[in-house]
Every structure is written in C-alpha cells, then in structure tokens.
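Visitor: Below is the structure I would like to discuss, written out as structure tokens.
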Amino acid sequence: MTTHVLSDTRVLTGRSLTHILRSPDTIITTAVTPIALMLLFVYVLGGAINTGSDESYINYMLPGILLITIASGIAYTAYRLFLDLQGGIFERFQSMPIARSSVLWAHVLTSLVANLVSVAIVIGVALLMGFRTGASVGAWLAVAGILILFTLALTWLAVIAGLSAKTVDGASAFSYPLIFLPFISSAFVPTESMPAPVAWFAENQPVTSIVNSMRALFAGEPVGSDIWIALAWLVGILVVAYGFAIAIYRRKMS
C-alpha cells in the first residue's frame, strides 16, 4: 500500500511540476516581490534603521525576506488546488485506482520544490547585494530544514484554503496576512523599538523565533531557546493544518 501511495504521488507530482515548468512565471513572480523589498530596504530605508548590531542590514533582514518569499509562493498552491477542484480533476482521479492522499501530497511537494527554487533565487540576489555568512555546512542544513518545515506548514494551510474557497481570489487571498506577519516581528527592526503592545505581539508570534534562529545560524552564533520555540510553532501548525486539510478533503470527496 505504501509503495502504491508513493508511486501515485510521484506521478502526480511530476504532472504538477510539468505545469510549472511550462509557466515559470509563477516562480519568477514569487521571487520578484521579496527582491524588490530587499532593494527598497537595503538601498533606501536600511541606512535609517538601527538594528543594534554591527552586521550589514542585508544580513539582518534576509531571514525575514526568505519567509516572505515562501508566504508569497504558497498562494499559488491554493490557486492550483482550487482550479483542479473546480475543473473536476479530483473527481476524475477518484474514478481511477489512485491513492486519495497522493492527490494532495502532489500539490504539497510541488509547492515545496517551487518555493525552494524561489528561495534559492532570492539568496542568489542577496549575495550579489552583499550578503555574507560564515555559517558552517551544518548551519546551512539547519536553515534549509527550517525553511522546508515552514514551507510544509504553510502549504498545508494553503491546501485548506484551496479546498474551502468559493472563488479563485478567495483561494489565494489567505496568504496576504502571512506575507504581512514578518513586518510585525524582528525581521526588519528589533522588537525593542516598537510600542509595548506591538512589541509583545511581535515577540510572541512564530515569525520572530524563526527569524532569530535563522539569523543566529547565518552568523554562526548560538541559537539559544529560539530554535526550540520555532520548531514547536512549526510542527504544531503543520500537524493541525494537516489534520484539518485531510478532514476537509475527505468530506469533499465523500
């Protein structure tokens, strides 16, 4: 049974990736906004922002930009899932000897691949803009693991949106608050510079611990308790989102 699921998921993932390869503008569009934000903050606003450290501003802000890249990209997952659902493709798959879960996992894995490509493009541009890191191979792998977990957690939220939406706009609009969330965190300015109520929210929302962990890993510094808080948030969101997505999918297909 496991082999059957893996085989079906591989075939359906190949189908979804083929669609993206035929229209790479989705990946390019996903990367354009974060790159524009980097240019704006580094070359226009960065000189007026005091981060409280001697590191360059591009080093300080890159973790938040990477999260925004992923939050922008998962909107396409909800969009593609909604189109498949409305186009009757799910019902067509139901009439075939295909494992039910493989249909959703194909969209999730496609999202993971597409978003990691977008992240790689953004990191490449950041290097051209002066981003430098002394991170070890282990630290880079840890950053990659955090980004993968973040992508999976948000993608399963996108699955919920894609299955529940009534319109195309509704399917992708859910990502807007997720894109905005890094701006109310330590991603661009220290939380100490914010008014007390805003600072409290910023310090206790998941993006801050994720950004702080990635920033420390890039700088080769101890991550402290932030990494465990970040992992707890990500795993918790992933488990809850996965459970809701599967329940909604089963109800839709029953």
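The values are calculated or read from the model by the stated rules, or taken from the named source; none is laboratory data. Keep in mind it's a predicted model, so treat the numbers as computed, not measured. Heads up, the Cβs are rebuilt from the backbone with ideal geometry, glycines too, and the neighbour counts pull from every protein chain shown. Just so you know, the surface numbers come from the protein's heavy atoms only, side chains and all, with ligands and any DNA or RNA stripped out. Shrake-Rupley method; radii C 1.70, N 1.55, O 1.52, S 1.80 Å.
Visitor: If I stretch the segment between Glu55 and Tyr176 completely, what's the gain in nm (0.36 nm per residue apart, minus their alpha carbon distance), one decimal?
Guide: Full-extension gain reported as 40.6 nm.
Visitor: A further question on this structure: Taking only protein heavy atoms and a 1.4 Å probe, what accessible area per residue, in Å², does segment 137-254 have with all protein chains in place?
Guide: 48 Å²
Visitor: On a C-alpha basis, how far is the centre of segment 126-198 from the centre of segment 221-250 in Å? Whole number, if you could?
Guide: Each part's Cα centre sits 13 Å from the other's.
Visitor: If each of Ala199 and Ala120 carries a label point 7 Å out from its Cα toward its Cβ, how far apart are those two points in nm?
Guide: For Ala199 paired with Ala120, the spin-label model returns 4.1 nm.
Visitor: On a full-extension model of 0.36 nm per residue, what is the gain between Val168 and Thr29, subtracting their alpha-carbon distance, rounded to one decimal in nm? Mind dumping the intermediate values first?
Guide: Working: separation 139, 0.36 × 139 = 50.04 nm, distance 1.76 nm.
Taking 0.36 nm per residue and subtracting the Cα distance, the gain is 48.3 nm.
Visitor: How would segment 44-86 be classified by its alpha-carbon gyration tensor: rounded, prolate or oblate, with rounded meaning a/c under 1.5 and the a/b versus b/c comparison settling the rest? Before the final figure, lay out each step's value.
Guide: Numbers: a/c = 6.54, a/b = 4.12, b/c = 1.59.
Since a/c reaches 1.5 and a/b is larger than b/c, the shape of segment 44-86 is classed as prolate.
Visitor: With a sphere of radius 14 Å drawn around the Cβ of Ile210, what net charge do the other residues whose Cβ falls strictly inside it have (Lys, Arg +1; Asp, Glu -1)? Could you put the intermediate results ahead of the total?
Guide: Numbers: positive: Arg215; negative: Glu203, Asp226.
Taking every Cβ under 14 Å from that of Ile210, the sum is -1.
Visitor: Could you give me the ³J(HN,Hα) list for segment 233-243, computed from phi with Karplus coefficients 6.51, -1.76, 1.60 and θ = phi - 60°, whole Hz, x at Gly and Pro?
Guide: 4, 5, 5, x, 4, 4, 5, 5, 5, 4, x
Visitor: How charged is the neighbourhood of Asp226? Take every other residue with its Cβ under 14 Å from the Cβ of Asp226, and add Lys/Arg as +1 and Asp/Glu as -1.
Guide: On the way: positive: Arg215; negative: Glu203, Glu221.
That sum, taken over residues with Cβ under 14 Å, equals -1.
Visitor: In sequence order, what are the phi-derived ³J(HN,Hα) couplings for segment 203-218 according to the Karplus relation 6.51 cos²θ - 1.76 cosθ + 1.60 with θ = phi - 60°, rounded to whole Hz, with x for glycine and proline?
Guide: Karplus-based 3J(HN,Hα) across segment 203-218 equals 6, 10, 9, x, 4, 4, 5, 5, 4, 4, 5, 5, 4, 5, 5, 5 Hz.
Visitor: Carbon-plus-sulfur fraction of the accessible area of segment 113-254, 1.4 Å probe, in percent? Let's see the in-between values first.
Guide: On the way: 4890 of 6750 Å².
Ligands and nucleic acids excluded, carbon and sulfur reach 72 percent.
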